[in-house]
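Participant: Structure below; questions to follow.
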Amino acid sequence: MKRRAVAGLSLLLLAGLVSPAEASSTASFGQGNVKVVYQTSKGTADVYWRGAKRIKDFTSEVQLGDRTVSTKDYRNACRYRANEVTCQRYGLPTFKQKFTFDGPDHFFVQVELSSGTTLTTNKISPIVVGSPGGVDIGTNGDRRMLLVPVDNDAWVRYESKPINDVTPKQRSFEVTTVFDDTSRRGFVFGSIDHDTWKSGITAQGRRGKLDRLEATAGLTDYQYDYGTADNKYQHHRDSLPHRPISGTAVTSPRMMVGYFDDWRTGMETFGRANAKVTGTRTWNKGTPFGYNSWGGLGSTVANPALMNETSDFIAQKLPEFKGETKPYVGIDSYWDAMLDPQWQFESPGTSWKKVEDYVAHVQANGQEPALYFQPFTNFWKEGIDNQIGGTALCDGCPNQTLRQMALKANGEPIMLNGGWALDPTNPGVLNRSRLALTKFRELGVRYVKMDFFTHGMLESDSWYDPAVHTGLQAFHKGMRKVVDWAGPDTFIDLAISPLFMGQYGNARRISCDVHGSMNNWHEEKPDLYQKSTENLLNSVTYGWWLDEVYEYNDGDHIQFGNYYYDKDNKALLFDGTNPAQPRIWPENYNRARVTSAVITGVYLISDDYSAKGDPELKRRAEKFLNNPRINAIAKIGRTFRPVEGDTGFKANNMYVSHNGNDTYLAVFNFDKSGPRKFQIDPERIGLQNRNTFTELWSGKTFSSRGRTEITVPSEDAVIFKINS
């Protein structure tokens, strides 16, 4: 290894990249296209890809109380050996940077700080660049930085921000890409370890480069300013700073540093790196097709006839709506309203007969039952001091109250998004999960939608388990038990949740609460209007790569009707008297919404298909859900790649997927003003010059050579199967 470093230095001397005076205090190491040139006398490094310097003056930092300790503080006291730089100086802890190379274009860096006395920190930054133009893509096109949201709740959006507009006020959680959309070249920076530390990236852009970049473990959305654009209605998830870690040694997560010819390849590589660390919860039964009750029925599922009638409609009228296995018919939230007495699933005396009858009815129709659970949340706001069944901590102990089970900030129970956040390490909290999930298995349920996981990851004053010190540690301790009770053969579909839970869920909603509108952002009422196809596709545009972390992304349930929810959470159709709120969305919206779902992954529907349901809704379902050409795309189960990444808070118009010899291209027109023409560049979507296009909704076919112009009607979508 030492000989390799010396040989590398010889080449750098010959190339004029380092001076003879610097060579004695310089270490050079790397793999493939990557070379790190470390100035051990300065505690800084430059990083080269294919011989071109892309990052300069790279350092690492750790916050210790009021003091920041940087590798730059150890001048002339750093030594390189076997891909590690160790810095030691009197009065400072030992500072190690560990470099790991895992491919031709990227590496990981991890920081370890150690001392003979206890160290305490809640902020470690393995990647710090603080020089003018320190991060340079090396191109002059449309240069941007991606801001990734902390989770998928409250219609939060990704933003692809022009690099000159990036300031430290913005924050990307866990990962970012800094890229040129014109050439597609770009960096990826992000954490691949999510067992202890939450992390984030901040930067300062100027003249198409970054003058500062920090990738930091210990960064949450606590007191974060979500800004004044499309994310301005966001609420803070964490109400405390990241909790500290203490010990004679403290270690950061591994942070990826990569530079790629195509930033999309970089993000997919990052996704696979995360999956390699934890593994992915696998599924070998094909893409789930199914029905979810929340969108079209809401709380009315307490009436079992509605679910039976829905099951009958799907069996009789939607024969083509199925994947490799039977379609799932699932009851979402309020499933426990079917119990007698209601809600009390923890009680051994509770009757489950209505749920049992629902399961039997679904199975008799050749379908699979599905249910819903939220392990670490309770929405009984007024019941905080009432005892909850099944939460006794020992034989003879009284059951706990929500106040006792809740996570706390400054001594007060934490409420997030209307629900109490419960401690994932509390045995009473976990016992509720055990009782519900083992009963589901007993009933024969093998599909469970699980929800509100951000609650279980929140930072807290403390946890029931004193060995736990951070929100992520608590979450993992509880979640390992939850998935064991669900069983390895249960499909777990994660709803509201942070990004990296691939070891626990077969699928994750890429965004949440998507209904049937096309593109109707509203300044004053985002909750009512944001539930759109365009909102979902913003998450697909910049989060498609998460299907490298999960077996499937989930595009949420499809609705053809336009629903609102009353004070009891009953789903009701608008009466249609307001032109802006039709009773049923127009067919072009329906077509676009189905298209958005099948290019994402899991394929779920949700309207009122009971006997009282609107006949027009049922006609729409038969029309749009029985198309075998469209359903064949859903069976593939892969999320389409965005063609472009220059859309800011908005969604891309074009998405592409390659499957064997076939290429699929989906194109959306979000404009209300009329039809829009799109230029299809075959090279830009990875095709040869001569191609045959078949539009799968209409069945129309045409051939083209070179660039192709297509027209998409106003607020509509087309999807092509292309053969070269």
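The values are calculated or read from the model by the stated rules, or taken from the named source; none is laboratory data. The structure displayed is predicted, hence computed values, not measured ones. Neighbour counts run over all protein chains shown; Cβ positions are idealised from the backbone, glycine included. In case anyone asks, the SASA skips ligands and DNA or RNA and just uses the protein heavy atoms, side chains included. Shrake-Rupley method; radii C 1.70, N 1.55, O 1.52, S 1.80 Å.
Participant: Within the stretch 403-425, does at least one residue satisfy the condition of being over 28 Å from the mean Cα position of the chain (by Cα) and open to solvent by less than 20 Å² (accessible area, probe 1.4 Å)?
Facilitator: no
Participant: Conditions first: (1) under 30 Å from the mean Cα position of the chain (by Cα); (2) closer than 16 Å to Y589 by Cα; (3) buried (at least 17 other Cβ atoms within 10 Å of the Cβ). F720 passes all but one, so which condition is the exception?
Facilitator: It fails just one condition, (2).
Participant: A further question follows. What's the number of the only condition in (1) buried (at least 20 other Cβ atoms within 10 Å of the Cβ); (2) of a type in the set (G, A, S); (3) over 29 Å from D261 (Cβ atoms) that S160 fails to meet?
Facilitator: Unmet for S160, out of (1) buried (at least 20 other Cβ atoms within 10 Å of the Cβ); (2) of a type in the set (G, A, S); (3) over 29 Å from D261 (Cβ atoms): (3).
Participant: Being out of contact with any helix residue (DSSP H, G or I) (no Cβ under 7 Å at 6 or more places or on another chain) and either within 16 Å of A215 (Cβ to Cβ) or of a type in the set (A, V, I, L, M, F, W, C) (or both) is the filter here, so list the residues in the stretch 251-268 that pass it.
Facilitator: If the condition is that a residue be out of contact with any helix residue (DSSP H, G or I) (no Cβ under 7 Å at 6 or more places or on another chain) and either within 16 Å of A215 (Cβ to Cβ) or of a type in the set (A, V, I, L, M, F, W, C) (or both), then T251, S252, P253, R254, M255, V257, Y259, W263, G266 are the ones that fit.
Participant: What pairs can you find where one residue is in the stretch 603-628 and basic (K, R), the other is part of a helix (DSSP H, G or I), and their Cβ atoms are less than 9 Å apart, with a gap of 6+ or different chains?
Facilitator: If the second residue must be part of a helix (DSSP H, G or I), the pairs left are K612/L306; K612/E309; K618/F313; K618/K317; R620/E587; R620/N590; K623/E587; K623/N590.
Participant: Would you pick out the residues in the stretch 595-618 that are outside any helix (DSSP H, G or I), charged (D, E, K, R) and surrounded by fewer than 24 Cβ atoms within 10 Å (Cβ to Cβ)?
Facilitator: K612, D614
Participant: Right, next: Go through the stretch 247-263 and give me each residue that's open to solvent by 10 Å² or more (accessible area, probe 1.4 Å) and either part of a helix (DSSP H, G or I) or among the basic types (K, R) (or both).
Facilitator: Selection gives R254 alone.
Participant: While we're here: Take the conditions closer than 18 Å to P288 by Cβ, open to solvent by 40 Å² or more (accessible area, probe 1.4 Å), part of a helix (DSSP H, G or I) and modelled with pLDDT of 95 or more and apply them to A632. Does it pass?
Facilitator: So A632 passes the test.
Participant: Among the residues of the stretch 298-334, which ones are open to solvent by 10 Å² or more (accessible area, probe 1.4 Å), among the aromatic types (F, W, Y) and under 20 Å from D493 (Cα atoms)?
Facilitator: Passing the criteria: Y328, Y334.
Participant: Residue check, T287 against (1) modelled with pLDDT of 95 or more; (2) assigned to a loop (DSSP other than H, G, I, E, B); (3) under 20 Å from L437 (Cβ atoms), all met but one. Which one?
Facilitator: All conditions are met except number (3).
Participant: To continue, here is another question. Working only within the stretch 428-477, note down all residues that are of a type in the set (G, A, S) and either outside any helix (DSSP H, G or I) or free of Cβ contacts under 8 Å to residues at least 40 places away in the same chain (or both).
Facilitator: Within the stretch 428-477, G444, S460, S462, A467 meet the criteria.
Participant: If you don't mind, another one. Just for the stretch 580-594: of the residues that are part of a helix (DSSP H, G or I) and of a type in the set (D, E, K, R), which one is surrounded by the most Cβ atoms within 10 Å (Cβ to Cβ)?
Facilitator: So, considering only residues that are part of a helix (DSSP H, G or I) and of a type in the set (D, E, K, R), the one surrounded by the most Cβ atoms within 10 Å (Cβ to Cβ) is R593.
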